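To start, the structure under review is shown below, and the notes come after it.
The values are calculated or read from the model by the stated rules, or taken from the named source; none is laboratory data. All figures in this text were calculated on a predicted structure; none of them were measured in a lab. Note that we place each Cβ from the backbone using ideal geometry, even for glycine, and neighbour counts take in every protein chain shown. Just the protein is used for accessible areas: all its heavy atoms, side chains included, with ligands, DNA and RNA removed. Shrake-Rupley method; radii C 1.70, N 1.55, O 1.52, S 1.80 Å.
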Amino acid sequence: MSDQPTSFSAPRGTRDLLPPESWRWQRVFDLALNRIFGPAGYEPVDTPIFEHTEVFERGVGQTTEVVSKQMYTFEDRGGRSLTLRPEATAGIVRAVLENRLDKGTLPVKLLCWGPMFRQERPQKGRYRQFTQVDIEAIGSEGPAIDAEMIELAARFLDEAGAECRLLLNSIGHLDESCRLGYLRALGDFLRAKENELAAADRGRVDDNPLRAFDSKEPATIAALGDAPAITDHLCDDCARHFDDLRAMLDALGLGYTIDPTLVRGLDYYTRTAFEFVSDDLGAQSTVVGGGRYDGLAEALGGGHLPAIGFALGVDRLLLASRTLNEWEPRRVEVFVVALGDRAKGEALPLVTELRRAGLGADWDLMGRGMKGQMKGADRSGARWAAIVGDDELDAGEVTLKDLVSGEQERIPRGDLMSRTRTKES
Ligand code: HAM
């Protein structure tokens, strides 16, 4: 074995996920699939980590920071432009259309998780490779499904021990009587304030005035102080949709703050937009972001397919959670310690017998002596050491040591399962 550390380090903005954090990481997916979203009818899917670049250009939108500045785009050996997915929604809608899931029973309720890639400036809670749990419900106009989604997100955060506030908005739909009219009003407002905006935001704002609200520049934020509010410009249908959603959230007892500046950084959003933010995270405070995207399927060449979804940033959830750190994974329960050649030959059959009976069991694979094996037992987190030597073998027994109290006794080998079985095993 080499003592030399490698001369390479992980690329900037990426990180290695190691125990014990990796256990909590898996716990998040387990909670998502088995506790919250699976039982509510959401089914797991997985889509490629890279897509044709156009999927994101058309889906997420050319004027967004994500597409214009942050994508990892490359040409493959066949000269095709591919992009590591910066988010999951566009790829999932592409998959739904390609596999004609939209022709089956609606809504299609899906759940996926995995790494996303954005070349942003790394800081606490912001990475270039990060992981999302992503939930999508495709095919329903809402607002009942909007309320369901928001309630599920709230409950998930609660189960995962993250205290978050819900911010809510409606950004209408792309119609003259609704958002297009608003964009004109906002564009006029911004042009009149052009000199007050941060230089970096001036051009951007001409392409899509809504993107002004994504700005982190203090000058732009100040200039937007008395900007017209989208909620005052919604058409009757969108206003009713928003009112109905709020009534449903009120009936569920979910508190929220209406934030007319919450426009979300991706172009596909229509109507409902929401975020859950944590006050424990500093600048990168959004743990969950989502909303309705009624026009995305059409932007990707499909028909009209209203939909809503959200993504939860797993990296941020782990930073914000107050309870996942205390969560104890199910791991090794019994560590088999074998003394002498005969017992070493018996150790694997014994470990296997325990594992087949459903117990967590491990043993020494490095040829260590008694002391080393006992250290290994402690390190494994096991409650029990099952010690086997020549004496025990001859008597058909094992010495069972309680690694918490330090007490030990000889017991018949046949009693090992019942003596070491915890409630969960
Ligand atoms: P998003 O707001 O871009 O939305 O990202 C959702 C969440 O992913 C954020 O709230 C944050 O927790 C996490 N996240 C984003 N960027 C980073 C980063 N650089 N480092 C760490 N965490 C990050 C979407 O991606 C939409 N696709 C959500 C959605 C699904 N809308 C509808 N369906």
Self-check item: Directionally averaged shadow of segment 297-338, computed from the convex hull of its alpha-carbon atoms, nm²
Solution: 7.2 nm²
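List the trypsin sites (Lys or Arg not before Pro) within segment 1-96 that DSSP assigns to loop and that have no more than 13 neighbouring Cβ atoms inside 10 Å. The partial results should precede the final answer.
Numbers: sites: Arg12, Arg15, Arg24, Arg27, Arg35, Arg58, Lys69, Arg77, Arg80, Arg94; in loops: Arg12, Arg15, Arg77, Arg80.
The qualifying sites are Arg12, Arg77, Arg80.
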Self-check item: Rg to Rh quotient for segment 360-425, alpha carbon positions, Kirkwood Rh
Solution: 0.95
Quiz item: Once both axes come from the Cα atoms, what is the angle between helix 236-251 and the longest principal axis of the chain, in degrees from 0 to 90, rounded to 10?
Solution: 30 degrees
Self-check item: Anchor Lys371: lysines whose Cα lies under 18 Å away (excluding residues fewer than 8 positions away in-chain)
Solution: Lys344, Lys401
Exercise. Note the angle between two axes, namely the Cα long axis of helix 341-356 and the longest principal axis of the Cα atoms of the chain, as a number of degrees from 0 to 90, rounded to the nearest 10.
Key: 40 degrees
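What FRET efficiency comes out for Met417 versus Arg15 if R0 is 45 angstrom and r is the Cβ-Cβ distance? Round to the nearest 0.05.
On the way: r = 40 Å, r/R0 = 0.89.
Plugging the Cβ-Cβ distance into 1/(1 + (r/R0)^6) gives 0.65.
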Quiz item: In the chain, with Lys and Arg counted as +1 and Asp and Glu as -1 at Cβ, which of these residues, Gly253, Pro44, Phe8, has the Cα nearest the positive end of the dipole, that is, farthest along it?
Solution: Phe8
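Kindly identify the chain as rounded, prolate or oblate by the Cα gyration tensor criterion: order the square roots of the eigenvalues as a ≥ b ≥ c, call it rounded if a/c is under 1.5, otherwise compare a/b with b/c, prolate if a/b is larger, else oblate.
prolate
Taking square-rooted eigenvalues a ≥ b ≥ c of the alpha carbon gyration tensor, is segment 130-241 rounded, prolate or oblate, where a/c under 1.5 means rounded and, failing that, a/b exceeding b/c means prolate? Don't jump to the answer; show the numbers that get you there.
Details: a/c = 2.53, a/b = 1.49, b/c = 1.70.
Oblate, since a/c reaches 1.5 and b/c is not below a/b.
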Self-check item: Surface share of carbon and sulfur [accessible, 1.4 angstrom probe, percent] for the chain
Solution: 48 percent
Quiz item: By how many degrees, 0 to 90 and rounded to 10, does the Cα axis of helix 144-159 deviate from the longest principal axis of the chain?
Solution: 40 degrees
Self-check item: Spatially proximal lysines relative to Lys124 (Cα-Cα < 24 Å; intrachain offsets below 8 disregarded)
Solution: Lys69, Lys216
Quiz prompt | DSSP-defined beta bridges in segment 295-421 - what % are antiparallel, rounded to 5 | solution = 55 percent
Quiz item: Say we join alpha carbon atoms closer than 10 Å with springs in a Gaussian network model of the chain; which of Glu151, Glu409, Glu141 then has the biggest fluctuation?
Solution: Glu409
Practice problem: Note the full-extension length gain between Asn99 and Arg165 as 0.36 nm times their separation in residues minus their Cα-Cα distance, in nm to one decimal. | Solution: 20.1 nm
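About its Cα centre, what dipole magnitude does segment 99-223 give when the only charges are +1 on Lys and Arg Cβ and -1 on Asp and Glu Cβ, stated in debye to the nearest 20?
On the way: 18 positive and 21 negative charges, 104 e Å.
Charge dipole, segment 99-223, about its Cα centre: 500 debye, nearest 20.
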Quiz item: Got a number for the accessible area of Val45? Probe 1.4 Å, square angstrom, nearest 10.
Solution: 50 Å²
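Where only protein heavy atoms count, and the probe is 1.4 Å, what is the accessible area per residue for the chain in Å²?
Per-residue value: 49 Å².
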Quiz item: Roughly how many whole Å is it from the C-alpha centroid of segment 283-345 to that of segment 62-104?
Solution: 22 Å
